[in-house]
Every structure is written in C-alpha cells, then in structure tokens.
Number of protein chains: 2
Amino acid sequence: MKENYIRMAHGAGGRMMNELIRTLFVPPLDNEYLRQMADAARIQIADLGAHIAISTDSFVIRPLFFPGGNIGSLAVHGTVNDLAMSGARPLWLTASFILEEGLDIETLERVVRAMAEAAHEAGVQIVAGDTKVVERGHGDGIYINTTGFGVVPDGIVIGPERIRPGDIVLLSGSVGDHGIAVLSQREGLAFETELLSDSAPLNGLVEALLAAAPHTHCLRDPTRGGLAAALNELAGAACVGIEIEEAAVPVRPAVAAACEMLGFDPLTVANEGKLVAFVPPEEADEALAALRSHPLGQEAVRIGFATEEHPGLVLARTHIGGRRVVDMPTGELLPRIC
Amino acid sequence: MKENYIRMAHGAGGRMMNELIRTLFVPPLDNEYLRQMADAARIQIADLGAHIAISTDSFVIRPLFFPGGNIGSLAVHGTVNDLAMSGARPLWLTASFILEEGLDIETLERVVRAMAEAAHEAGVQIVAGDTKVVERGHGDGIYINTTGFGVVPDGIVIGPERIRPGDIVLLSGSVGDHGIAVLSQREGLAFETELLSDSAPLNGLVEALLAAAPHTHCLRDPTRGGLAAALNELAGAACVGIEIEEAAVPVRPAVAAACEMLGFDPLTVANEGKLVAFVPPEEADEALAALRSHPLGQEAVRIGFATEEHPGLVLARTHIGGRRVVDMPTGELLPRIC
C-alpha cells in the first residue's frame, strides 16, 4: 500500500524509511554519489587526485540530555562516525541549529560546550554554522544538523560493493546501549546498574583497524534500526548473504532485561559508538586484535561471515542451534533516538 | 540585559542573532574558520594546495510554497549563494530533512523535485542526505538543512578583510522582493501586480563578475536582515565606513507600497537572489557592465562606496539630501523568512 502521509516509522531507520529514500528522494536527485547508499558520499576532486567524504545528519533526539551524552556530543559523534565508516579521516564539521522559541539559553550553552568538547576529542573543527528560531510548538528545544567533510587516505577503498563471500564480520562491542539508555531516561525506567549510551567518536578505532587490516572491505555503524538494519542494508547492497552467531553478539544484562520486558530485539536497538567490519579472512585475526587493543573496541568479537548463499538475507544461528531470519526492522521501534 | 530565553529575534538576522553567535557559539567552538564570520568557511586542504569553501544553512520558511519558489528551491539557492559569495564554484550539496508526522507525501515530492531542478540549474549535485521524523506539533511540515562544498579557483581571495576605503559598492538589483513576496503569501496581502521572490542561484552571476573584475574584494548576499544587516556586518568586519545613496537602491513599487503600509524599511527586508560587491574603483565599470550583462543582474547599480571615515557605520544619503544612519536591524522583523 502506498502511504499518503509521513509517519514516525518513516524516520525510524527500518523498512519504511528505506523505501521512502529509495522511491521519493533518490529518483529525482539521482547521481553516482547518492547511488552509493553509504554512510558518507565518496567523491573524487577532479585535478587534485584526492578523495573526500561528505556526510550529513540531523539530530532530533528526545530528551536532549541522556545518560552518557546529550544532543550536542551525539551530533558530533554521529557525523564523525559516518565519515569514519567510509575510511575517511574526519576533518571539518558544520553545525546548524533549529531552536524553539522559549528555549533557555543555559541549556543551549551546555549543548554547544558539549559539541566543542566532542569535536576536540575527535580531532575535528566546526568551521561553519547557522541558527534559526521557530515559534513555540514548532520545534522541540533544539534540533542540530551536522555535516562532515573528510579526506580518504590514498589506497583506502571501503564500501558495501567491496564485500565478498567469505568476509569475516566483526563487531566492536555490545549492542543496544544507546537506545536503551535514552529510552530509560525518557520513560523513567530504573536499572540496578547505571546504563550509559555508548555515544563515542569511532575515527580512532577505525584508524587502528585499518593500520592492522588495510584491506578491510566495509565498515558500518549500526545506529537507527540497530545491527539488524545495518546488516540487512549491507546484504542487500553487496548482494551477499550474511550469517551471524546470535550468542556471539554481546548484550549487556541491563539491555537484555529491558528488551525482554519491552519486547524489543536487541539487534534492532540503536548504537552510537559501535561498528561492524567486513574483513577478508586472512586479515581477520589482526583486525580483531587491533579493535581489542583500542579502548572503544575492548569487547570486539567475531560474529559471523558473508556467504554467497541466500543473497540479501541475514540469518542468525540461535542459542538453541536453529537458524532464524534477522529481518529489516519495520514499524516505529524507538522514535527520535538520534 | 542578558537574555535568558531564546526569542524569535534570535533567528531574525539582526543584532540579537549576531550577539548570540558571537557570545554563545563562537567562544567554545573557536577556530580560524569560524572567526572569518563569512558566508562560507574558506579552508586550505593541506598537501593539495586547493582551497575549498563550506557553508551550511537550515531552512524553516513558512509557508512552504510562496510566489516564485518553495522551501526546496530556496534551500538549494541559499547554500549555492553562500558558497558563491566566497568566490567558490559550488559543486556538492547535502540535504537533510526534518519532517513532521502527518505531512502529506505529495508535498514532500513536490519539494524534492524542486530541489532537483534547482540543483540542476545551479550545476550542483546533491550527494548525501538524511531524513528524520518528529511528532505532530514538534515541527512544521518540512525543515531542510543544506550544506554545500565548493572549490575556490586559484588566485581568488574574497572576504570582508579585503575591503578597502574607496571600494565601490555595487548591488545586483532590487531589494526586498523575497521578504515581501513571502509575507504577502502568509498574510494574504494582494498586490496589483504579482510580486515574486527573487530566489535564484547566483553562482553564474558571480562567475561573470569575477571574469570582468578579478580583484573584487568582497561579495555578500543580503538575506535575513536585508541590505542593512549585510552592510553593517561588513562595515564592522572590515572596520570601514560605508556610505550609500538611498535613491540609488532599486525598490519595486509593490515592495515600497507594502513596506510603507507595514512600517518596514526595505533595506532590512530579505533577498534571496541579490548580491552586493565591493570592487576596487579601477574595476568598477567593468564589474557593473558584467553584472548587467547577466540575466540576474540586469538592474545592477552602483549604490555607494567604502570610506575610512566613521568605521563600522553605514550611512545613507537620503532623498532629501540629508544623511541617516542605516542601523543593524533589531527585533523580530520577518520571522521564518528563509
């Protein structure tokens, strides 16, 4: 059924969002860069021989402050990570604010300071900005767009089209921390141990990984729609099957408990400081060791592999030995999680 | 008095917005690029010898469709123009959407098609995108961020710091068309002749200008806050005085009549397809001829000059021969005009 109106699910990172992008945005705007369907567009600057990466993201997370971060730090991490996933060294960000009339200025100050700190930590500069104000009831405090620009080192070519059957799939740590931390803040859920968002800049981790495994084929940070959406997108784009070991995917007890209670699959919950890497088998051990040697990848694990069987499909070996299809998430999931 | 809350005027392009940017955003984020306070940041890519320009803008215009354009075409023109004002050749744009739940999809389709057409006309590609959805009552149909990247041709150095006393100030056509066209749509004002927004991509006009007057010192498109805000910003940044001939500034009869009725100064009303150029006197005739030879600059005029007297101040010779201070606009003016 063709939808006539925008629904929350159109922004949730799952099937409906994908369809909206494929049917409504891409056809009129079509060009070779959009067709890459990557986290960042990879562009060759004519005459310079350099490849640059460009990525954009708007942040509408609710609430503005959550355990482990806020909209400001998240807006920097999100775009730094999208650039890093293309193999680029993130260099410059722009920041554009849509403020709601009546926002208290101290809140804005805290958010801008958090952006400055996050940018400093990630080694990027915020080089241009914009501020708009909308009337009360037409915004929600602060929305931020960050757009990032980086340079791809010579010889690095990373993208879904490079994935090959036999590639090993690595995951840099536990899944679902961001989504559940934000949800707990929003809904007032309490956990026995404090659960923090994993929001973090992944460019240092990627640098360590690529130094050890320079032939890494593809990187992706599983944000909206979680690991399930990321793997499904890549299986589709690369036209391979992906098989993962469900028991190998690290899930913190608090996340597992919250998902159990709320009926969520942890594989569909958003992350903001994790990556999956597709690495040729001969570099997989070095890649895993490099991830584990970095503070943000200490819990990195091998979760599966790409296969020429069942192209486009993601299968998980379950705890009890069966296989289930890991579907592209549908519906609303967790709205406004980033 | 220090403000505690965001007000509509903080987004209106005048004194309050300037102060917010200078006091709240720039200090924590400080770097050499932000300090340029230009329409686009000009950045040297190390090792490549190339200068790139980066600019960002979020569009929250109300209503989404107005005489002469819509939020989609405007979002392309606005960022293309900011890049062009730095002397850059605009090449790539990103587009990020914040959609309100319940938006009808046909409206979105019309806007995206308009973006595609505007991008095609301006010769730029939209290379990356993002879509977020917020609940009803937390948006206003469609907000769009566009961020643009361009390459500055060798030898072109354009910026407020290059303005010199004696520079001739050129204006590419009539002022206030965009602001009054949008306002008329919003408020249901009727004019005897239809008034259209001047929204247009200025990169072609800039190219023609720079071919004829390669030593052009500074360019600025007078958007929010109009010609008055643009000239005041430049007088302050360049530490020069600016003197203009009020009678020389073209104002269409419908705009003049609407301003008279509403108590606006046409110099403070937004434009989206006009530029002011600061040109050394020896290239002024060629510059003016080049502007006039382009379809978007047919009504270009010489409106004044920069002077070492009264630095930071903009003065206008009035119709009756006196001089008045053209102040930085304060207060709300026309909210959500772009």
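The values are calculated or read from the model by the stated rules, or taken from the named source; none is laboratory data. Note that this is a predicted model, so its numbers are computed, not measured. In this analysis, Cβ positions are derived from the backbone assuming ideal geometry, glycine residues included, and neighbour counts consider all displayed protein chains. These accessible areas exclude ligands, DNA and RNA; they are computed on the full protein's heavy atoms, side chains included. Shrake-Rupley method; radii C 1.70, N 1.55, O 1.52, S 1.80 Å.
A 1.4 Å probe run over chain A, with the rest of the protein chains in place, finds 37 Å² accessible per residue.
Split the accessible area of the stretch B:227-323 by element, probe 1.4 Å, and carbon with sulfur accounts for 54%. Given the -39500 (n - 2.57) contribution per DSSP H run of 4+ residues, what per-residue ellipticity at 222 nm results for chain B, rounded to the nearest 500 deg cm²/dmol? Estimated from H runs of four or more residues: -8500 deg cm²/dmol. Residue separation of A:T23 and A:R136 scaled by 0.36 nm, minus their Cα-Cα distance, works out to 37.4 nm of gained length.
Equivalent-ellipsoid semi-axes for chain A (Cα gyration tensor, √(5λ), whole Å, largest first): 29, 24, 21. Quantify, in whole percent, the carbon and sulfur part of the accessible surface of the stretch A:31-152 (1.4 Å probe; protein heavy atoms only). Here it works out to 43 percent. Note on B:L196 and B:E109: with the Förster distance fixed at 25 Å, the Cβ-Cβ geometry gives a FRET efficiency of about 0.65. When both the stretch A:106-183 and the stretch A:217-283 are represented by their alpha-carbon centers, they are found 18 Å apart. For the stretch A:111-128, accessible area lost to neighbouring protein chains reaches 30 Å² or more, against the chain alone with a 1.4 Å probe, at A:V112, A:A116, A:Q125, A:I126, A:V127, A:A128. Rounded to the nearest 20 debye, the dipole magnitude of the stretch B:160-325 is 200 debye, with +1 charges on Lys and Arg beta carbons, -1 on Asp and Glu beta carbons, and the Cα centre as origin. Among B:G173, B:G102, B:G13, the largest mean-square fluctuation in a Gaussian network model of chain B (Cα springs under 10 Å) belongs to B:G102.
Evaluating kT/(6 pi eta Rh) at 4 °C and 1.567 mPa s, with the Kirkwood radius of the stretch A:36-142 over Cα pairs in the Stokes-Einstein relation, gives 87 µm² s⁻¹. Peptide A:90-103 is shielded by partner chain Cβ atoms: per residue, an average of 6 of them sit within 10 Å of its Cβ.
With only Cα atoms counted, the stretch B:160-325 has Rg and Dmax values of 15.4, 47 Å.
Both chains summed, the buried accessible area for A and B stands near 6500 Å², from protein heavy atoms and a 1.4 Å probe.
Highest mobility in the GNM of chain B, judged by mean-square fluctuation with C-alpha springs under 10 Å and restricted to B:N81, B:N70, B:N271, is found for B:N70.
With R₀ set to 56 Å, the beta-carbon distance separating B:E282 from A:I320 gives a calculated FRET efficiency near 0.10. Counting Lys and Arg as +1 and Asp and Glu as -1 over every other residue whose Cβ lies under 15 Å from the Cβ of B:G321, the net charge comes to 0. Counting every alpha-carbon pair across the stretch A:259-338, the share separated by more than 15 Å comes to 70%. When the scattering of the stretch B:96-147 is computed by the Debye formula from its Cα atoms alone, each counted once and equally, what is log10 I(q)/I(0) at q = 0.20, 0.24, 0.32 Å⁻¹? Here log10 of I(q) over I(0) equals -0.72, -0.95, -1.28. Hydrodynamic estimate: the Kirkwood radius of the protein assembly as shown over Cα pairs, inserted into Stokes-Einstein at 20 °C and 1.002 mPa s, corresponds to D of 83 µm²/s. Considering only beta bridges that DSSP places wholly inside chain B, some 75 percent are antiparallel. Taking 11 Å as the cut-off, no amide N atom of the stretch B:239-273 comes nearer than this to a point 7 Å along the Cα-to-beta-carbon line of B:E308.
Mind listing which GluC sites (Glu not before Pro) in the stretch A:231-313 are in a DSSP loop and have 13 or fewer other Cβ atoms within 10 Å? Passing sites in the stretch A:231-313 are A:E308, A:E309. Using a probe of 1.4 Å on the protein chains alone, the accessible area found for A:H319 is around 140 Å².
For chain B, modelled as a GNM whose springs connect Cα atoms under 10 angstrom apart, the maximal fluctuation among B:M261, B:M85, B:M115 occurs at B:M261. The residues of the stretch B:1-37 listed by number as losing at least 40 Å² of accessible area in the complex, against the isolated chain and with a 1.4 Å probe, are B:Y5, B:I6, B:M8, B:L24, B:F25, B:P28, B:L29, B:N31, B:Y33, B:L34. Residues A:H138, B:H217, sorted by accessible area with the largest first, give A:H138, B:H217 [1.4 Å probe; ligands and nucleic acids excluded].
Residues of the stretch B:163-180 with an amide N closer than 19 Å to a point placed 7 Å from the Cα of B:H215 along the Cα-to-Cβ direction: B:163-170. Per-residue shielding of A:80-88, expressed as the average number of other chain Cβ atoms within 10 Å of the residue Cβ, stands at 0. Which semi-axis lengths, in whole Å and largest first, follow from the square roots of five times the eigenvalues of the Cα gyration tensor of the stretch A:147-216? Equivalent-ellipsoid dimensions as semi-axes: 33, 15, 12 Å.
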